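Notes for the one structure printed next.
The values are calculated or read from the model by the stated rules, or taken from the named source; none is laboratory data. What you see is a predicted model; the values in this text were computed from it and never measured. Every residue, glycine among them, receives a Cβ derived from its backbone with ideal geometry; neighbour counts consider all protein chains shown.
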Amino acid sequence: MALAQKRSNLDQSLLESYFSPSFKSLPIEVFRVLLLTSDGRPLKDLLIAIGSRTYVDAPLRRVFHEALNAGARRMVMAHNHPGGDPTPSLQDIAVTRSFAQIGHQLEVPLHDHLIFASGGVFSMRAAGLL
């Protein structure tokens, strides 16, 4: 785990490099969450859900249960779009905002939500959607 040994500033390119291998060539959507310490060190990398070609569930309750039990202070969400276009759907944006709001209230803020596809990577943070 490239992030494990040192404090991380959670640079988008570092996060892309970390997650990218796990999403390559997947024919279905997969949802993962990286739980972090306050200084950006990984605590746990979770495979949260496996979906279909066009949808994956993002179970809010399970994610925050895992985050609180692990003592996480931040998190990064990631999923893929097998169709090749990393542009977020309206549902992707709504889910991200829900996680961000709950994360803020529970003091486990959402640092970013990355969407991986053959056409590139979309960062909700970089796009101003977070």
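Things to note:
- Residue within the stretch 63-70 that is at pLDDT 95 or above and in contact with a Phe, Trp or Tyr (Cβ under 8 Å, 6 or more places away or on another chain) present: yes
- The C-beta contact set for the stretch 68-94 (first residue in contact (Cβ under 8 Å) with a residue 40 or more places away in the chain, second residue small (Gly, Ala, Ser) and in a strand (DSSP E or B), distance under 6 angstrom, 6+ apart or interchain) comprises His81/Ala117.
- Test: Leu129 is among the hydrophobic types (A, V, I, L, M, F, W, C) and closer than 19 Å to Leu10 by Cβ: yes
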